[in-house]
Structures are given as C-alpha cells and as structure tokens.
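In what follows, a structure is listed as structure tokens, so that the remarks can point back to it.
Every number here is computed from the coordinates shown, using simple stated rules; none is lab data. Quick caveat: nothing in here was measured; it's all calculated off a predicted structure. Neighbour counts run over all protein chains shown; Cβ positions are idealised from the backbone, glycine included.
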Amino acid sequence: MEGWGYSVSMLNSFQLTLFHKYAELLKRRFSEDFQEIVSTDDYMPMAINNREEYEKVLNVSWFTSDKPPEELTFPCVLPFSQMYPLCCIDIRNFLNQFYFFSDDNFEHPNIIDETLRKVSYLCM
C-alpha cells in the first residue's frame, strides 16, 4: 500500500498494538506453563534408559556431556530433573512464537527485540 502512495501509519499503529497484546498473551501462557512444569517436577535426577532417550534430551536442551554418547553406558542418570529439558522446550517455543509474528512484513524488528527483552525480564 505504501508503494502506491497510501498512508500506512494507522496500519502500522494497529500492527504494533496487536503485537503488544500478542506478547502479553505469550508471556502469560509461558508463565503458566513454567509454573506447571516446576510444580509437577519430582526434582530427582533424570534417568535415561537408552541412547535414543539420551539423544532426545540432547536435542531439546542445552546440555553438553563431558563424555561422548559412545562412551556412555545405559541406563544412566543425568545431573538434572525432567524440569530442565521441559523448560528448554518451553523457552524455544516461546521464542519461536514470539518471532513468528515478525515473519510477515512486520516493519519494526527493533521493537520485537525490545519487547522480547522486557517480556523475558518480567517472566523471570
């Protein structure tokens, strides 16, 4: 529309309002999910029965082992509970959904990063 000489200031303003509402909804949902994860965790080290389970945990978390997977014997116990990989998944989903809004012609990338910074701070 802007290329044809139409004013898009009202559309941009509306888009920013929608984005801020969307960010609030995401923050609320993330907070609820996080509280659910924490409240249902048993806080026991996570037992892994086989290499496939181990690979799944590595793929969803930021955990790096001091041993290569080939040297591990199963079953093994990881130094964290199930809460850690579930929180990693939740954080990734939150970020993906947050940036999903910006994929379609959102003209304010700096506002997305700034809002994410504020929302992330408030979630913690």
Work out which helices of the chain, taken as complete DSSP H runs, extend at least 18 Å along their axis over the Cα atoms and score a mean Kyte-Doolittle of -0.5 or more, then list them.
-> 9-40, 83-100, 109-123
Please compute P(r) over all alpha-carbon pairs of the chain, binned at 5 Å starting from zero, and give each bin as a whole-number percent.
-> 2, 9, 16, 16, 13, 11, 10, 8, 6, 4, 3, 2, 1, 0
How high is the relative contact order of the chain, in percent, counting Cα pairs under 8 Å that sit 6 or more residues apart?
-> 35 percent
How far apart, in nm, are the 7 Å Cα→Cβ label points at ARG51 and LYS21?
-> 5.1 nm
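Length gain on complete extension for the stretch SER65 to ASP90, per 0.36 nm per residue less the alpha carbon to alpha carbon distance? Don't jump to the answer; show the numbers that get you there.
Working: separation 25, 0.36 × 25 = 9.00 nm, distance 2.15 nm.
My answer for the length gained is 6.9 nm.
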Sequence neighbours fewer than 8 away in the same chain don't count; with that in mind, list the lysines whose C-alpha is under 23 Å from LYS118.
-> LYS21, LYS27
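D for segment 60-101, whole µm²/s, Stokes-Einstein with Kirkwood Rh over alpha-carbon pairs at 25 °C and 0.890 mPa s: what number?
200 µm²/s
Net charge near TYR54: determine it from the other residues with C-beta under 12 Å of the C-beta of TYR54, scoring Lys and Arg +1 and Asp and Glu -1.
Values: positive: ARG51, LYS56, LYS67; negative: GLU52, GLU53, GLU55, GLU70, GLU71.
That works out to -2.
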Radius 13 Å from Cβ of PHE80, net charge of other residues (Lys, Arg +1; Asp, Glu -1) = -2
